[in-house]
2 protein chains.
Amino acid sequence: MIEVTLPDGTRKKYEAGVTGLEIAKSIGPRLAKDAIAIKVDGELIDLFKPLHANCKVELVTFSSSEGKDVFRHSTAHVFAYAVQELYPNAKNTIGPSVEEGFYYDFDDLDITGADLPKIEEKMKEIVKRDERCSRIDLTLDEVKRLFRHNHYKVEMASEFSVAGGKLSAYKIGEKFIDLCRGPHVPSAGYIKAFKLFKVAKAYWRGDPKNKQLTRIYGISFPTEKELNDYLFQRQEAEKRDHRKLGQELDLFMTHEVSPGCAFFLPDGTIIYNELLSFLRAEYFARSYHEVITPVLFDKQLWETSGHWQHYKENMFLTTVEGREFSLKPMNCPSHALIYKSQTRSYRELPLRLADFGVLHRNELSGVISGLTRVRKFQQDDSHIYCMAEQVEAEIVALFAFIKRVYAEVFNFEYRMELSTRPEKFLGEVAMWDKAESLLQSLLEKNKIPYKINPGDGAFYGPKIDLHVKDAIGRSWQLATIQLDFNQAERFDLSYEGADGRKHRPVVIHRAILGSLDRFIGVLIEHFAGKFPLWLSPVQAILLPVADRHIPYAEKVASLLRSAGLRVTIDTRTESVPKKVRDAQIRKYPLMLTVGDKEEAAETVAVRTLDGKVKFDVPAAAFTAQLREDVQRRVLQPTI
Amino acid sequence: MIEVTLPDGTRKKYEAGVTGLEIAKSIGPRLAKDAIAIKVDGELIDLFKPLHANCKVELVTFSSSEGKDVFRHSTAHVFAYAVQELYPNAKNTIGPSVEEGFYYDFDDLDITGADLPKIEEKMKEIVKRDERCSRIDLTLDEVKRLFRHNHYKVEMASEFSVAGGKLSAYKIGEKFIDLCRGPHVPSAGYIKAFKLFKVAKAYWRGDPKNKQLTRIYGISFPTEKELNDYLFQRQEAEKRDHRKLGQELDLFMTHEVSPGCAFFLPDGTIIYNELLSFLRAEYFARSYHEVITPVLFDKQLWETSGHWQHYKENMFLTTVEGREFSLKPMNCPSHALIYKSQTRSYRELPLRLADFGVLHRNELSGVISGLTRVRKFQQDDSHIYCMAEQVEAEIVALFAFIKRVYAEVFNFEYRMELSTRPEKFLGEVAMWDKAESLLQSLLEKNKIPYKINPGDGAFYGPKIDLHVKDAIGRSWQLATIQLDFNQAERFDLSYEGADGRKHRPVVIHRAILGSLDRFIGVLIEHFAGKFPLWLSPVQAILLPVADRHIPYAEKVASLLRSAGLRVTIDTRTESVPKKVRDAQIRKYPLMLTVGDKEEAAETVAVRTLDGKVKFDVPAAAFTAQLREDVQRRVLQPTI
């Protein structure tokens, strides 16, 4: 008999040789159905492996990321099995699970997207047969024999093999075998729902000097319902994809001469600038002081800040007159220099320095994408220098700032995550404990939904991150509040206290929107391009019924423009319904039809993007209302 | 007899051997007095050199830059002569005229600023003796003998000497001789007024590996009045020096880790942002479209634009994944890419793209200074893409834009300069001629004072530059309007005309303020830190008479702040006169005293920076007026 300890501390006795699946069954039929793998003393193994010693176990289901990994990796095997049946000459290479699903790279597999349904059918057959998965351990010689037709597998096996050691392989039934670390689901029948997405090209080992392989992407779930939900969500996300909408709505473009650096076109720049104006107005009300700092700094600064030692590979470097310089990846060090440029007194604290400086980080060209994975961006970065006794008030003020921006202005749902002391950390444990419990108590007191990520803080201090839920339920990590016990030390920052002595200030890094570029990407997807009135590049379009109404349309347009509103006129000789449809495609929040009646009465007929209509609105009153709506930054115009 | 042609075409006969001075005397006593050197067939020579052949001559006076050069170079000789008399062991090295005056570098001269008056006295003696200047030609051996105590002169002579050639030297009287190309004034008595400024250090040949020399700077003029005017102007300029005021008023700072790149401190950033807001409001009214473009571009773009071939040494380079990139020195190419990203129709033109992108140009660290010689800056750059027939309207609109900014808002006097086709140029002569005469006729029609700089245009087109006169009479080149016949070709830009065919657009580059950084430097000096109300970092300071008035001061401050005004309170326990003095030092435009009477009546006592005073102003009315003044961007508050 062996003793097995469950995660809740319960201990149970089993015959030696019991498997994870048997343990799951002994606990309950639901768990037996959901279990995908088992963690034994921290190690993830197959549900079908016999256990022979006392251990702590944890059954792993699809709901965990480890469970998803195992499930999708097993799906990749089923996929490779199907390919083997259909294309016997194809050579499978590697097929990992990835963040969203899995892929498998094949050589000698010449297929297109049109072939995927056929492969899916074959996979369904295999799943239906529900053949058992099993693990065998092989010597390198056995591998060489078994995979003699696939030099890729032999090449990998030769690299991984240790003299005298064994290599694990997994079988499905008797006809499919793949070299693999595992673990895997007990049988092919587990893979209830799956979908193959697309065929792409990839180089063997990611190296353009090697042969080009065929890569197939797919996804899988334990139930059809989960798959369908996912596919619907994916479709929604594709419709909202900021790269697609960004192009359709002329918001931004990219160009091969500047990879990872967006060109914001006129309409995108309006959104960028409106966000900046909004933040500046909030800064004015909250006593932040904006500064403008250089972009290029001598490596000496990065040595002081520690970036040179820890972050150099992400920085763009240049040499000037024999000195090494780098483009700044963040604003922190420049603010430390500004703080340090004068003797600071406690009377000046808290000093809140804000910066929209242009930042550059060297993302690999392969991972660059739209506005979310970029090389150049601007943050709404701020560093708050304060006394220890001011930290609480500053954090509370930051919660209020976040509430103002995310809840009041953008109507987002959000929660926060508190990340605590990691294994490697700077400063005293007592200081960390105090700071963490302060942050936690403030989250409680302010009734903010949160969870704790133990050990996930930065080495220089604990942090709170904001997670925002978008219109289709996705979560985005945006604002961040970080205590920094490091910067003041590294830069030897101090202030003269009321006691006449020198003290170290506490530094709070924080960003509200984070990267403005990325935030705009999130907004595009959240609003599906239907921006809040105040952010809309065009706030209203005038639709003259006939050409003779153009002069009146121009009169109304200039009235609106003189109130600072962004207006355009559709002067084409098209019908009003056609003009309305086109304005809807451009996602203009307000359409103002003007014909004889409107001209005579100096009114407009108002139609909102979501279809509300109001006739005979006096142009002057409409202008005043619209202006007020914009100034109040409401999401939807009042009509 | 020889025939001498004067600049106006007159021909005169003189005996062979006539000197420039004799020619000047024959023309008139005034010219004889003012002449400093003479240009003979384009070559600048001594007034005392005999002429033996027919020639074209032009007498050179101090009013020309060549005249100033000769005059100040001669002053440097007189200075060296004085040093030789006072410090016989000192070794003179080089002593050129420079943009403002001259300097002379000496070895073995251990003096300080305190010694300068003594040297000036000695110079006056020499000037009074009015010894004759003369030129002698020496062989290298003669130089080696004559200057055997000064190895610097021998070193230079050895470098300049050509086998069998002669080296020129100039004497003043019989006791002073210096190796020199000349020309020089006829006698020491010409140097009527001079001033030595400061003693500095410089390396021999500017190389830190060489010996450190003593450098003395000075200036000189033909009359005492000119010197005194200059010294007064210089003092005024020093008081207004933006580097000095920038530090005193906490507007910006610099730091050795980022040479040539200013850190705008909170108050400087307010000015920067106010200028941006002002420009954006003007852009909105004038249908400009702002864009945001990347900073780093592949060299491929610079090859297309021509910068790689002609401007590379001014660009900061970096290598990413094996590709060469550069930080942009100007915005033009990115706008061309945006233009080119879509098919353009004549209906879209004129398309006015504006950009405040961060630019970098590699100025040598030795010439970097304040906000005027920098490595990093932002311009209010714009490119207007238009049809040829739209150029006139665009230029007229730019004149109006310039008038709005410079005359109406900043109350500057200005004139323009039209620079025409240079020797090397692109495009057809006829196109240039047409464009130049259009620009000239528009300057005339708009009654703008201007002059023409023949041949001074850019190779890609003629241009108009704005020259602004500041409060102490200095001229600054700021706005620029440039026609560009090149960009559209290089980037193959086109639009579809009303005729359905492809045409090249005309490109107009233009900047209104130019570099914002430099413009702020000019504003600081022009206003001597007393900024217009709308630009002032602090627009009003509240001065509570006693501590008990602080709550009322805070009430007024929050009233003003809620109107968007920038206000501070002097809460120190100091007298009102002391508070007023300190506010004047900070150059706050408005001081609002509040005591018992004001609190009871809800008023303020207003004092402007230039000393106007008004009592019993209701706080609410004051707020409304101030807000209006700021919105109207008036220079001085209305009181």
* To do: Considering each residue of region B:306-346, count those that are buried (at least 22 other Cβ atoms within 10 Å of the Cβ), within 25 Å of A:PRO266 (Cβ to Cβ) and of a type in the set (Ser, Thr, Tyr), and give that number.
  => 2
* To do: Scan region A:609-629 and report the pairs whose first residue is touching a residue at least 24 places away in the same chain (Cβ under 8 Å) and under 14 Å from A:LEU560 (Cα atoms) and whose second residue is open to solvent by less than 40 Å² (accessible area, probe 1.4 Å) and aromatic (Phe, Trp, Tyr), with Cβ atoms within less than 8 Å and a gap of 6+ or a chain change.
  => A:ASP629/A:TRP534
* To do: Report the residue count in region A:438-460 for those that are open to solvent by 30 Å² or more (accessible area, probe 1.4 Å) and over 22 Å from A:ALA488 (Cα atoms).
  => 12
* **Failed item, numbered, when A:TYR103 is tested on (1) surrounded by 17 or more Cβ atoms within 10 Å (Cβ to Cβ); (2) touching a Lys or Arg at 6+ places or on another chain (Cβ under 6 Å); (3) of a type outside the set (A, V, I, L, M); (4) more than 17 Å from A:LEU213 (Cα to Cα)** => (4)
* Condition met for B:LYS463 (open to solvent by 60 Å² or more (accessible area, probe 1.4 Å) and either touching a residue at least 12 places away in the same chain (Cβ under 8 Å) or in contact with an Asp or Glu (Cβ under 6 Å, 6 or more places away or on another chain) (or both)) -> no
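Among the helices (runs of 4 or more DSSP H) contained in region B:96-213, which hold 3 or more residues that are touching a residue at least 60 places away in the same chain (Cβ under 8 Å) and within 36 Å of the chain's Cα centre (by Cα)?
Working: elements: B:116-129, B:140-146, B:151-160.
The qualifying helices (runs of 4 or more DSSP H) are B:116-129, B:151-160.
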* Asked: Considering only region B:544-558, how many residues are assigned to a helix (DSSP H, G or I) and either more than 14 Å from every other protein chain (Cβ to nearest Cβ) or loosely packed, with under 12 Cβ neighbours inside 10 Å (or both)?
  -> 10
* Say whether the condition of being over 30 Å from A:ARG375 (Cα atoms), in the same structural domain as A:TYR339 (by TED's automatic domain parsing), open to solvent by 40 Å² or more (accessible area, probe 1.4 Å) and in a loop (DSSP other than H, G, I, E, B) is met by at least one residue in region A:479-497. => yes
* To do: Output yes when any residue across region A:510-518 is in the same structural domain as A:ASP433 (by TED's automatic domain parsing), open to solvent by 10 Å² or more (accessible area, probe 1.4 Å), more than 40 Å from the chain's Cα centre (by Cα) and touching a residue at least 40 places away in the same chain (Cβ under 8 Å), and no when none is.
  => no
* Are any residues in region A:11-58 loosely packed, with under 12 Cβ neighbours inside 10 Å, touching a strand residue (DSSP E or B) at 6+ places or on another chain (Cβ under 9 Å) and not in a strand (DSSP E or B), and if so, which ones? -> A:GLU15, A:ALA16, A:GLY17, A:GLY42, A:HIS52, A:ALA53
* To do: Consider B:ALA237 carefully, then state whether it is in a helix (DSSP H, G or I) and more than 11 Å from chain A (Cβ to nearest Cβ).
  => yes
* Asked: Can you tell me which residues in region B:272-295 are open to solvent by less than 10 Å² (accessible area, probe 1.4 Å) and of a type in the set (Val, Ile, Thr)?
  -> B:VAL291, B:THR293, B:VAL295
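I'm checking my understanding of the structure. Among residues of region B:1-10 that are in a loop (DSSP other than H, G, I, E, B) and touching a residue at least 24 places away in the same chain (Cβ under 8 Å), which one is farthest from the chain's Cα centre (by Cα)? Steps first, answer last, please.
Restricting attention to region B:1-10, the residues satisfying the condition of being in a loop (DSSP other than H, G, I, E, B) are B:1, B:6-10.
With touching a residue at least 24 places away in the same chain (Cβ under 8 Å) added as a condition, the list becomes B:6-7.
Details: B:LEU6: 34, B:PRO7: 31 Å.
Once the filter is applied, the top-ranked residue is B:LEU6.
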* Asked: If you scan region B:242-271, which residues turn out to be within 22 Å of B:ASP582 (Cβ to Cβ), more than 9 Å from every other protein chain (Cβ to nearest Cβ) and open to solvent by 20 Å² or more (accessible area, probe 1.4 Å)?
  -> B:LYS244, B:GLN247, B:GLU248
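Against the definition (open to solvent by 20 Å² or more (accessible area, probe 1.4 Å) and over 30 Å from A:VAL127 (Cα atoms)), how does A:ASN228 come out, yes or no?
Numbers: open to solvent by 20 Å² or more (accessible area, probe 1.4 Å): yes; over 30 Å from A:VAL127 (Cα atoms): no.
Taking the combined requirement at face value, the residue does not satisfy it.
To keep it simple, each residue is scored yes or no on (1) in contact with a Gly (Cβ under 9 Å, 6 or more places away or on another chain); (2) within 30 Å of A:ARG240 (Cα to Cα); (3) open to solvent by less than 60 Å² (accessible area, probe 1.4 Å).
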| site | (1), (2), (3) |
| --- | --- |
| A:SER562 | no, no, no |
| A:LEU565 | no, yes, yes |
| A:THR568 | no, yes, yes |
| A:ILE585 | no, yes, no |
| A:THR623 | no, no, yes |
* Asked: Residue check: is A:THR638 surrounded by 16 or more Cβ atoms within 10 Å (Cβ to Cβ) and among the β-branched types (Val, Ile, Thr)?
  -> no
* Could you say which residue among A:LEU349, A:LEU353 is over 22 Å from the mean Cα position of the chain (by Cα) and either away from every other protein chain (no Cβ under 11 Å) or on the phi > 0 side of the Ramachandran plot (or both)? -> A:LEU349
* To do: Taking the residues in region B:123-176 that are of a type in the set (A, V, I, L, M, F, W, C) and open to solvent by 90 Å² or more (accessible area, probe 1.4 Å) as candidates, determine which candidate is nearest to B:ALA82 (Cα to Cα).
  => B:PHE160
* Identify the single condition in (1) open to solvent by less than 10 Å² (accessible area, probe 1.4 Å); (2) not assigned by TED's automatic domain parsing to the domain that holds A:PHE399 that A:LEU301 does not satisfy, given that it satisfies every other one. => (2)
* **Unique residue being assigned by TED's automatic domain parsing to the domain that holds B:LYS91 and touching a strand residue (DSSP E or B) at 6+ places or on another chain (Cβ under 8 Å) when the list is B:ARG215, B:ARG205, B:ARG280, B:ARG243** => B:ARG215
* Unique residue being open to solvent by 50 Å² or more (accessible area, probe 1.4 Å) and assigned to a helix (DSSP H, G or I) when the list is B:ALA393, B:ALA471, B:ALA407, B:ALA435 -> B:ALA393
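Please count how many residues of region A:559-573 are part of a loop (DSSP other than H, G, I, E, B) and either in the same structural domain as A:GLY370 (by TED's automatic domain parsing) or within 21 Å of A:PHE615 (Cβ to Cβ) (or both).
First pass over region A:559-573, keeping only residues part of a loop (DSSP other than H, G, I, E, B): A:563-566, A:570-573.
Remaining after also requiring either in the same structural domain as A:GLY370 (by TED's automatic domain parsing) or within 21 Å of A:PHE615 (Cβ to Cβ) (or both): A:565, A:570.
Final tally of qualifying residues: 2.
Please verify whether region A:369-382 includes one or more residues that are under 27 Å from B:PRO329 (Cβ atoms), more than 12 Å from every other protein chain (Cβ to nearest Cβ) and not in a loop (DSSP other than H, G, I, E, B). Reasoning before the result, please.
Restricting attention to region A:369-382, the residues satisfying the condition of being under 27 Å from B:PRO329 (Cβ atoms) are A:371, A:374-379, A:381.
Imposing the further condition that a residue be more than 12 Å from every other protein chain (Cβ to nearest Cβ) reduces the set to A:379, A:381.
The next check asks that each one be not in a loop (DSSP other than H, G, I, E, B); those that pass are A:379, A:381.
Looking for residues that are under 27 Å from B:PRO329 (Cβ atoms), more than 12 Å from every other protein chain (Cβ to nearest Cβ) and not in a loop (DSSP other than H, G, I, E, B), one finds at least one in region A:369-382, hence yes.
The values are calculated or read from the model by the stated rules, or taken from the named source; none is laboratory data. Quick caveat, the model's predicted, so the values are computed rather than measured. A quick note on method: Cβ atoms are made from the backbone with ideal geometry, for glycine too, and the neighbour counts reach across all protein chains shown. We work out accessible area using only protein heavy atoms, side chains counted, and drop any ligands, DNA or RNA first. Shrake-Rupley method; radii C 1.70, N 1.55, O 1.52, S 1.80 Å.
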